[in-house]
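To start, the structure itself, in structure tokens.
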Amino acid sequence: MIIKAVKFRKDGFYSQPFAFGGEDGIEKYDKNVRYRGSLQNYLIDTGKEVILVDTGLPCGTPEEAPDENNLAYTGKDICSYMDALKAIGYSAEQVSKILLTHKHADHSGELKSFPNAKIYVNEEEISADELKGLNNIVPVSFTDGAYYNFPQSQKICDGIYYIRAKGHTKGNSIVIVEDEGLFYMLHGDITYVDEALYQNKLSVVYEDREEARKTFDRVREFVSKHPTVYCGTHTPQGYENLEGKIVVDLSNPPETIPAGEIVFKTASGKYVCSICGYVYDPAENNGVAFEDLPDDWRCPRCKQPKEKFNKA
């Protein structure tokens with residue numbers, strides 16, 4: 001079994017209020033504390049087939065132009081997702097299955113580029129706007145019973161399990177790979193940074209807070225009892241854990257490496273949702289500037305408030 005990270009953005013950050021404030025409130029945390037951010041998804045090569053876990057941002061998604069007030073910044077482009085896939089030695093034609101952790105565009109953005117792959121999606125997610133027009137979706141109803149302390153699972157093939165893990169979205173899922181005595185937990189946004197896993201803090205992004213807490217508790221229970229390599233999407237800790245086969249030890253948090261200095265850019269007038277990647281372009285909205293939208297305006301895709309948007 002080979003597991004690789006598909007890396008397409010780097011040098012981002014997630015502030016402490018964003019990463020920790022889901023239950024206590026963002027006001028309890030220091031926005032000047034920033035943790036390293038990136039964007040990557042994962043590939044599993046079983047030797048018999050190639051399976052993707054998520055498919056990056058849509059090609060052409062603009063970079064954000066961060067400032068000192070942003071709570072989250074996904075980072076600057078390394079390359080497109082499809083070029084990142086090629087960079088690790090794989091083509092779209094080799095992919096037989098895609099396991100989607102959830103609908104947001106930084107996880108589902110290039111699904112259309114894999115028309116010959118079966119796309120496994122939690123049955124509660126299949127009506128999402130991001131998945132419209134796709135004819136190769138396989139709805140998953142998790143009929144294989146419990147996987148350790150997770151109540152519902154679907155076995156994809158030997159050593160690969162798809163786990164219902166609702167909360168971040170109502171159709172959120174986790175992928176767990178068993179290989180050579182280790183459990184690789186490939187997740188979307190259970191946490192944005194590993195510091196939140198160790199400090200038991202929910203991020204501010206969820207569709208169902210109660211379910212998000214239940215899922216998070218199960219994740220922490222699982223990693224406390226099984227040698228788990230924790231592979232996230234939004235932090236370089238994800239691929240560092242993978243490449244170093246670093247096992248979670250909740251009683252011994254790793255040392256935090258501070259995020260780098262913010263590089264300021266000239267804004268285009270467009271804004272990008274830091275959660276789902278939706279681009280607000282005044283030219284496509286009757287010339288209405290983002291700043292002039294009502295305070296209660298929300299992202300038309302993921303329903304997050306204006307504060308989750310960054311300048312592009």
So if I check each of Ile98, Ile78, Ile163, Ile137, which one is buried (at least 21 other Cβ atoms within 10 Å of the Cβ) and either touching a Leu at 6+ places or on another chain (Cβ under 8 Å) or in contact (Cβ under 8 Å) with a residue 24 or more places away in the chain (or both)? Ile98
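Applying the selection to the stretch 1-54, what residues are of a type in the set (Val, Ile, Thr) and either more than 18 Å from Tyr184 (Cα to Cα) or surrounded by 18 or more Cβ atoms within 10 Å (Cβ to Cβ) (or both)?
Within the stretch 1-54, Ile3, Val6, Ile26, Val33, Ile44, Thr46, Val50, Ile51, Val53 meet the criteria.
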I'd like the residue in the stretch 81-95 that is under 20 Å from Thr235 (Cα atoms) and of a type in the set (Gly, Ala, Ser) and, out of all such residues, is surrounded by the most Cβ atoms within 10 Å (Cβ to Cβ). Ala84
Could you list, in sequence order, all residues of the stretch 107-119 that are within 18 Å of the chain's Cα centre (by Cα) and in a loop (DSSP other than H, G, I, E, B)? Gly109, Glu110
Can you tell which of Pro66, Pro62 is part of a loop (DSSP other than H, G, I, E, B), assigned by TED's automatic domain parsing to the domain that holds Ser127, surrounded by fewer than 19 Cβ atoms within 10 Å (Cβ to Cβ) and touching a residue at least 12 places away in the same chain (Cβ under 8 Å)? Pro62
Name the residues in the stretch 295-310 that are assigned to a loop (DSSP other than H, G, I, E, B) and basic (Lys, Arg), would you? Arg301, Lys303
Take the stretch 90-99 and flag every residue that is out of contact with any helix residue (DSSP H, G or I) (no Cβ under 6 Å at 6 or more places or on another chain) and not polar (S, T, N, Q). Tyr90, Glu93, Val95, Lys97, Ile98, Leu99
Within the stretch 29-57, how many residues are touching a Pro at 6+ places or on another chain (Cβ under 8 Å) and either free of Cβ contacts under 8 Å to residues at least 12 places away in the same chain or not in a strand (DSSP E or B) (or both)? 3
Say whether the condition of being surrounded by fewer than 23 Cβ atoms within 10 Å (Cβ to Cβ) and under 30 Å from Ala312 (Cβ atoms) is met by at least one residue in the stretch 120-127. yes
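The values are calculated or read from the model by the stated rules, or taken from the named source; none is laboratory data. All values reported here derive from a predicted model rather than from experimental measurement. Neighbour counts run over all protein chains shown; Cβ positions are idealised from the backbone, glycine included.
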